[in-house]
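Peer 1: Have a look at the structure that comes next, please.
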Amino acid sequence: MAFDNCAGVGAGWPGDPATADTPVAVDAARVAPLAAGAGSLRELDARISVCRACPRLVEWRERAAATKRRAFADEPYWGRPVPGFGDAQPRVLVLGLAPGAHGSNRTGRNFTGDRSGEWLFAALHRCGLASQPNAVAADDGLTLRGTRIIAAVRCAPPENKPTPVERDACRPWLIRDLALAWPTTRAVVVLGGFAWAALWPALRALGVAVPRPVPGFGHGVEVPLAGGRVVLGCYHPSQQNTFTGRLTPAMLDDIFGRAAASAASPAPSSTMPSA
Ligand code: SF4
C-alpha cells in the first residue's frame, strides 16, 4: 500500500469510503451540519472517516499509527476515524464505545484486529449475523447480515476514555447514523455503559420516545421502544470482561440471539426520525 502511518484518502485502503471531494469537519462546530447533510450511510461513513474535529484524538490516533505496537510494526495503520461497518439496511445495530488504538485504528474497521473483536464476531457468526467468525483486516472478506456496527466515539482515545467534550463533539455522527438506519432497525445491542449513556440523548434528539428515567445499564437489560424496537444492554467484550469470566460466550449468544429474533420480527411501525 502507498501509505505507512495513516491511510491517505484515495490511497487504496480496502473499503475506504472517502474521496478527495469528501468534506472535512475541521472543528466541532462543523460536525453537526456535515452529519445532517449526509444523505446515505455511505456518505456518512465517508464524512466520518476524514473528521478532524477533536485535536487531542487526532493527535492520539495518528501518533498510535506512527509509533505502532511492536507486533504490527511492519503493517500500515488506518489512523483515521473508524466509520460504521456492515449492512446498509441494518435490522440489528451494535453500538460500541470507541476504536482501539491498535485494533480498529490499525485496520480501519470496527472491532477488527483485536481480542474484543474475536469475541464479538465469533458470537455474531454463531447467531447467523456474520459470514465468518474472524475479523483480522479490512479485506478479509467478512460481511455482516442485517447488522451494522457503530461507535459512540469514532476515534481511538487514550486509555479508551473519551472526554465529555469529545463524546459530545462526535454525537452528531451518531445521531445521523441512527436516523439513517432507524427505518429498518429492530434491535440495538449496546456494548457497555459508556455507549449506553451515549445512546439515549441521541435517540431523544431524533424524536424517539425514550423512557424516563432511562433504565440503568446492565447485561441483559431490555428496553422496548415504540414500533416494536428493542434496546439490549450487553457487557463490552473487552479483555477486562472476557478474561475474568464476567462475560462468557453463552452470555453473548443470549444477547445476539435475542437481537436476531427481533430482527426476524415484522417491520417497525414508526416512521423515520426527522434528524
Ligand atoms: S471523535 Fe468524532 S468528532 Fe472527534 S475527531 Fe473523531 S470522528 Fe471527529
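Peer 1: Checking Phe72 against (1) away from the ligand (no atom under 13 Å from the Cβ); (2) closer than 20 Å to Arg176 by Cβ, which single condition isn't satisfied?
Peer 2: Unmet condition: (2).
Peer 1: Anything in region 1-43 that is small (Gly, Ala, Ser), touching a residue at least 40 places away in the same chain (Cβ under 8 Å) and away from the ligand (no atom under 16 Å from the Cβ)? List them, or say none.
Peer 2: Across region 1-43, the qualifying residues are Gly15, Ser40.
Peer 1: Hey, another quick one. What single numbered condition from (1) over 22 Å from Gly15 (Cβ atoms); (2) within 16 Å of the ligand (Cβ to nearest atom); (3) of a type in the set (A, V, I, L, M, F, W, C) fails to hold for Ala179?
Peer 2: Ala179 satisfies every listed condition except (2).
Peer 1: Taking region 55-97 as the search range and keeping residues that are of a type in the set (A, V, I, L, M, F, W, C) and in a loop (DSSP other than H, G, I, E, B), which one is farthest from Pro162 (Cα to Cα)?
Peer 2: Looking only at region 55-97, we keep the residues that are of a type in the set (A, V, I, L, M, F, W, C), and these are 57-58, 60, 64-66, 71-73, 78, 82, 85, 88, 92-95, 97.
Going one step further and asking which of them are in a loop (DSSP other than H, G, I, E, B), we end up with 73, 78, 82, 88, 97.
On the way: Ala73: 26, Trp78: 19, Val82: 15, Ala88: 27, Leu97: 9 Å.
Within region 55-97, the match that is farthest from Pro162 (Cα to Cα) is Ala88.
Peer 1: Right, next: Out of the residues in region 140-168 that are small (Gly, Ala, Ser) and in contact (Cβ under 8 Å) with a residue 40 or more places away in the chain, state the one that is surrounded by the fewest Cβ atoms within 10 Å (Cβ to Cβ).
Peer 2: Looking only at region 140-168, we keep the residues that are small (Gly, Ala, Ser), and these are 141, 146, 151-152, 156.
Next cut, in contact (Cβ under 8 Å) with a residue 40 or more places away in the chain only: 146, 151-152, 156.
Working: Gly146: 20, Ala151: 30, Ala152: 25, Ala156: 28.
The extreme case among them is Gly146.
Peer 1: Here's a follow-up. Can you tell which of Ala202, Ala209, Ala226 is small (Gly, Ala, Ser), within 29 Å of Gly39 (Cβ to Cβ) and surrounded by 19 or more Cβ atoms within 10 Å (Cβ to Cβ)? Break it down into steps so the answer makes sense when it comes.
Peer 2: Numbers: Ala209 fails: surrounded by 19 or more Cβ atoms within 10 Å (Cβ to Cβ); Ala226 fails: surrounded by 19 or more Cβ atoms within 10 Å (Cβ to Cβ).
Every option except Ala202 fails the conditions.
The rows are residues; the columns are (1) modelled with pLDDT of 95 or more; (2) of a type in the set (Phe, Trp, Tyr); (3) within 16 Å of Arg154 (Cβ to Cβ).
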{"residue": "Met1", "(1), (2), (3)": "no, no, no"}
{"residue": "Gly10", "(1), (2), (3)": "no, no, no"}
{"residue": "Asp16", "(1), (2), (3)": "yes, no, yes"}
{"residue": "Val31", "(1), (2), (3)": "yes, no, yes"}
{"residue": "Ala36", "(1), (2), (3)": "yes, no, no"}
{"residue": "Ser40", "(1), (2), (3)": "yes, no, no"}
{"residue": "Glu43", "(1), (2), (3)": "yes, no, yes"}
{"residue": "Cys54", "(1), (2), (3)": "yes, no, yes"}
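Peer 1: For region 44-59, give me the residue count where each residue is surrounded by 17 or more Cβ atoms within 10 Å (Cβ to Cβ) and more than 10 Å from the ligand (Cβ to nearest atom).
Peer 2: So the answer is 3.
Peer 1: I'd like to verify a number: residues in region 122-162 that are within 13 Å of Ala195 (Cα to Cα) and either within 12 Å of the ligand (Cβ to nearest atom) or touching a helix residue (DSSP H, G or I) at 6+ places or on another chain (Cβ under 7 Å) (or both), how many? I'd like the intermediate steps shown before the answer.
Peer 2: First, pick out the residues of region 122-162 that are within 13 Å of Ala195 (Cα to Cα): 149-154, 160-162.
From what's left, either within 12 Å of the ligand (Cβ to nearest atom) or touching a helix residue (DSSP H, G or I) at 6+ places or on another chain (Cβ under 7 Å) (or both): 150-154, 162.
Count: 6.
Peer 1: Now, a different point. Failed condition for Gly220, given (1) surrounded by 13 or more Cβ atoms within 10 Å (Cβ to Cβ); (2) touching a strand residue (DSSP E or B) at 6+ places or on another chain (Cβ under 8 Å); (3) of a type outside the set (A, V, I, L, M), with all others met?
Peer 2: So Gly220 meets the others, but not (1).
Peer 1: Moving on to the next point. Output the residues belonging to region 137-166 that are among the charged types (D, E, K, R) and touching a Phe, Trp or Tyr at 6+ places or on another chain (Cβ under 8 Å).
Peer 2: Looking only at region 137-166, we keep the residues that are among the charged types (D, E, K, R), and these are 139-140, 145, 148, 154, 159, 161, 166.
Correct list: Arg148, Arg154.
Peer 1: Condition first: in contact with a Pro (Cβ under 6 Å, 6 or more places away or on another chain) and either over 19 Å from Asn5 (Cα atoms) or in a loop (DSSP other than H, G, I, E, B) (or both). Now tell me which residues in region 98-120 satisfy that. It would help to see each step written out before you state the result.
Peer 2: Step one: list which residues in region 98-120 are in contact with a Pro (Cβ under 6 Å, 6 or more places away or on another chain), which gives 98, 105, 116, 119-120.
Answer for region 98-120, where residues must be in contact with a Pro (Cβ under 6 Å, 6 or more places away or on another chain) and either over 19 Å from Asn5 (Cα atoms) or in a loop (DSSP other than H, G, I, E, B) (or both): Ala98, Ser116, Trp119, Leu120.
Peer 1: Would you call Asn110 in contact with a helix residue (DSSP H, G or I) (Cβ under 6 Å, 6 or more places away or on another chain), within 23 Å of Leu247 (Cβ to Cβ), in contact (Cβ under 8 Å) with a residue 12 or more places away in the chain and of a type outside the set (Ser, Thr, Tyr)? Even if it seems obvious, please write down each step before you answer.
Peer 2: Working: in contact with a helix residue (DSSP H, G or I) (Cβ under 6 Å, 6 or more places away or on another chain): yes; within 23 Å of Leu247 (Cβ to Cβ): yes; in contact (Cβ under 8 Å) with a residue 12 or more places away in the chain: yes; of a type outside the set (Ser, Thr, Tyr): yes.
So Asn110 fits the description; yes.
The values are calculated or read from the model by the stated rules, or taken from the named source; none is laboratory data. This is a predicted model, so every value here is computed, not measured. We place every Cβ from the backbone using ideal geometry, glycine too, and count neighbours over all the protein chains shown.
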